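Engineer: Questions regarding the structure given below will be posed in turn.
Any read-out appearing in this document is the output of simple, stated calculations on the displayed coordinates, not a laboratory observation. Remember, predicted model here, so these are calculated numbers, not experimental data. Note that each Cβ is placed from the backbone with ideal geometry, even for glycine, and that neighbours are counted across all protein chains shown.
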Amino acid sequence: MRSTIGLLVAALVLTPTSWAVAQTPDVVTRVESELAQKRLQGVWIPQWLVTKPGVGAYPLSGRALIFERDTVIRTEGKRTVASGTFSIESGLLRLHFVDRQPWDLEHGPIRSKLNYSFKIDGDLLTLCLAADDKLKPTDCAPGEGRQVVIYQRQQLTRPSATPKTAEPKSATPE
């Protein structure tokens, strides 16, 4: 009887443990995706274009990527040139544009679904778009048919508290 109870207890203890261990990679992947999605939130300005010869200033000004919840918006100045949704799947940033106009530096035909390998390092976001869509997660190396752009998070300054002002003086002279 004692050995039967011991076996039952062991079976109950080991069964959930083996199930939890089997689920761990999926849970880790999901948590990493959720964290990356949270780190993407905000306004990103392209700063550098990375090519095989080296890194140079991004050639166009006024561009931005805005990530808000699961929405992505590309802007040129005050004009929205693309909008849609984004997700992180298999370590790749997947953008699905519903309303889109071509962006000057994109290679190949205009597509509504784009896959980027990406890397977030503090306030820097590196995106790599490959013309052939053959990307590996975090592989952001420049090369033939690949566009690598490094974005910097725009720091939004919050207005400071309004200082208290003195009571207005009366209009009548004393």
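Engineer: When the Cα centres of the range 39-65 and the range 111-150 are compared, how far apart do they sit, in Å?
Structural biologist: 12
Engineer: Round to the nearest 0.05 the FRET efficiency obtained for Arg79 and Val31 when R0 = 35 Å and r is the Cβ-Cβ distance.
Structural biologist: Plugging the Cβ-Cβ distance into 1/(1 + (r/R0)^6) gives 0.45.
Engineer: Now a separate question. How long are the semi-axes of the ellipsoid equivalent to the range 37-153, from square roots of 5 times the Cα gyration tensor eigenvalues, in whole Å, largest first?
Structural biologist: 19, 16, 15
Engineer: Multiplying the sequence separation of Asp99 and Lys113 by 0.36 nm and subtracting their Cα-Cα distance, what value in nm do you get?
Structural biologist: Details: separation 14, 0.36 × 14 = 5.04 nm, distance 1.13 nm.
Here the segment from Asp99 to Lys113 would lengthen by 3.9 nm.
Engineer: Could you please report the charge total around Arg39, scoring K, R as +1 and D, E as -1 over all other residues with beta-carbon less than 12 angstrom from its beta-carbon? Please report the intermediate quantities before stating the final value.
Structural biologist: Numbers: positive: Lys38, Lys119, Arg153; negative: Glu32, Glu34, Asp121, Asp123.
With Lys, Arg at +1 and Asp, Glu at -1, the neighbours total -1.
Engineer: Order of 133-143, 39-49 by packing, highest average Cβ count within 10 Å first?
Structural biologist: So the peptides 133-143, 39-49, ranked by packing, come out 39-49, 133-143.
Engineer: Also, I was wondering about something else. Give me, ordered by chain and number, the residues 5 or more places off Leu135 or on other chains with an amide H under 5 Å from its own placed amide H.
Structural biologist: Here nothing satisfies the definition.
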